[in-house]
Structures are given as C-alpha cells and as structure tokens.
1. Can you give me the number of residues within the range 103-120 that are of a type in the set (S, T, N, Q) and assigned to a loop (DSSP other than H, G, I, E, B)?
2. Within the range 121-136, identify whether any single residue is touching a helix residue (DSSP H, G or I) at 6+ places or on another chain (Cβ under 6 Å) and part of a helix (DSSP H, G or I), and answer yes or no.
3. Do any residues in the range 238-266 that are free of Cβ contacts under 8 Å to residues at least 40 places away in the same chain and assigned by TED's automatic domain parsing to the domain that holds HIS138 have Cβ atoms under 8 Å from those of residues that are surrounded by 14 or more Cβ atoms within 10 Å (Cβ to Cβ) and not basic (Lys, Arg), where the two are at least six apart or on different chains, and which pairs are they?
4. For ALA144, are the conditions met, namely being part of a helix (DSSP H, G or I), surrounded by fewer than 21 Cβ atoms within 10 Å (Cβ to Cβ) and among the small types (Gly, Ala, Ser)?
5. So, in the range 181-207, of the ones that are hydrophobic (A, V, I, L, M, F, W, C) and assigned to a loop (DSSP other than H, G, I, E, B), which residue ends up surrounded by the fewest Cβ atoms within 10 Å (Cβ to Cβ)?
6. It is to be established whether one or more residues within the range 217-224 are touching a Lys or Arg at 6+ places or on another chain (Cβ under 6 Å), at pLDDT 95 or above and buried (at least 20 other Cβ atoms within 10 Å of the Cβ).
Amino acid sequence: MDPTHRIWIKAILLVAGLFLAGGVLHAEGNCPAGYSPIGATDGQTGPQGCAPTPGYNQAPTAHWVIVDAGHTPAHPGATGASGRVEHLYNLDLSAAVAHDLQADGDRVTRTGADNREIALADRPNAEPSADLFVSIHHDSLQQAWIDAGRRREFKGYSIFVSMLNPHYQQSLACAKAIGEKLLAAGETPSLYHATPIKGENRPLIDRRLGIHRFDDLIVLKTAPMPAVLVEAGVIANPDEEPRLQNPATIAKIANAISEGVVACQP
C-alpha cells in the first residue's frame, strides 16, 4: 500500500475515535459537545485539554414536597352537608396533588394518608429536609351560621400562611402562586375567614387570591420549610359539596395546586 494512503487511513481512524469517545466536536476549540477549551471555563479537565461547560444539558432540579392530607380517621375534621367527613375529601384531593407533582418529576412524601394517628407538629417534620409543606383541607362553617340556615351563602377556597414560619416570605410566594392557579382554574376565594368574630378573624393578606394569615396553625408555624394550608372548598354547603366530590373538580383543583407548587419553587 502506498505510504500516503496509510497516513490518510490513520487520520480517518483517529478522527472516528474522537467522535466515538467524545461526541460531535465543536468547530471552535475542537472540544466535544458539553466541553469547552481549558481557560474558557473552570472545572475538571475533560478529554484532550477540555473542561465541562457549566450547565450544559443540565436536567431540572426535582423538588421535595410534603403533601399532607388533613386530619385522620379518628379525628376526621369537618362534616359535609351529606354527612361525609372531611378527611375523606382530603385523602382524595391530596392523592391527586401528589400524583400530579410526581408526574412533574418532583419527589413527594405524603402524610396523614395511612389511616394512622399523627400529631400536627409531626406532619411537616416527617421529612425536615423537604422543600415545601402543603396541607390539604376542606372547610366547614361556624355553627351559628349553620343554625341560621346560611349554609348556601359560603363557598370557595382559602389559603393560609403563618408569619411564625421560619420561611414566611417563601410560604407567601407559594400561597400566591397557588391562588393564581386556582383563580385561573375558575375557583373563587371564600373570604369569610376574615369575619371579625370569635373563631374566624384571620387577617387577609391578599383579598383577590384569598390568602389569610393564621400564625398559630401548628402545621404551619412548626414547619422547618415553607408551608401553606389550602382549604379547597366548603363541604358544609350542600350545593358545593357534590362539586368537590366530583372527580373532574378534584382533578382541576389538584392540577391548580400542583402547578402553583411548581411555579413557586426557587
């Protein structure tokens, strides 16, 4: 074989080996995709004097969210107009929220969903390293309003945060993100928790989004991470309760909550 041919064959084999080892070469600097010439970036030395390009093809960071189903079978919370207890509504909606977050790639821990008793402070502290705690509830009404035949006057969602939470500003940011998504989904805030009477009187932070301060809520103030509590609707209202039990409504509200959670993560 002619020596010139041998040189060309070796050159072709060398180039092919570089492609196999490092991927498609950049025209500038002769570094594989995802690498830059040394001096252009910091980092561990890569193939043939190249270093990894920071952030190249980096997968999004998954967040860790605790999704809490409020109450337990032994302490089931409010009672709906039909007699169905709140904890069952909380289980349905929290399961849908958890499913949506996992589908988005987030890591999810569920609390209050295994039929065991769990102390309020233990819910957010089940995983202290989580990024966010979201507690799912459904609302009742003051007994005086029920006795006065006013059940049908009250409907809609409410969102609570605590200024005693060590991450209050991030809690509020997540509450606002969830509120925006619930509004966009066609839900409306209830606002009655701001009524200046005993048992209510929770100051409104954002009337449009239905966000209240409730500083002494244990699951919010003891959480070592940002924390939000969502009352999805008023099950004491006989008109609203069937809607909140409808799978389509559960899916819609769950999607809004999970989208808000994703949107608020730093």
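The values are calculated or read from the model by the stated rules, or taken from the named source; none is laboratory data. From a predicted model like this one, the values you see are computed outputs, not experimental measurements. When we count neighbours, we look across all protein chains shown, and the Cβ atoms used for this are built from the backbone with ideal geometry, even at glycine.
1. 1
2. Scanning the range 121-136, I find at least one residue that is touching a helix residue (DSSP H, G or I) at 6+ places or on another chain (Cβ under 6 Å) and part of a helix (DSSP H, G or I), so the answer is yes.
3. Listed pairs, sorted by first residue: ARG243/GLY233; ARG243/THR249.
4. yes
5. The extreme case among them is ILE197.
6. Scanning the range 217-224 turns up at least one residue that is touching a Lys or Arg at 6+ places or on another chain (Cβ under 6 Å), at pLDDT 95 or above and buried (at least 20 other Cβ atoms within 10 Å of the Cβ).
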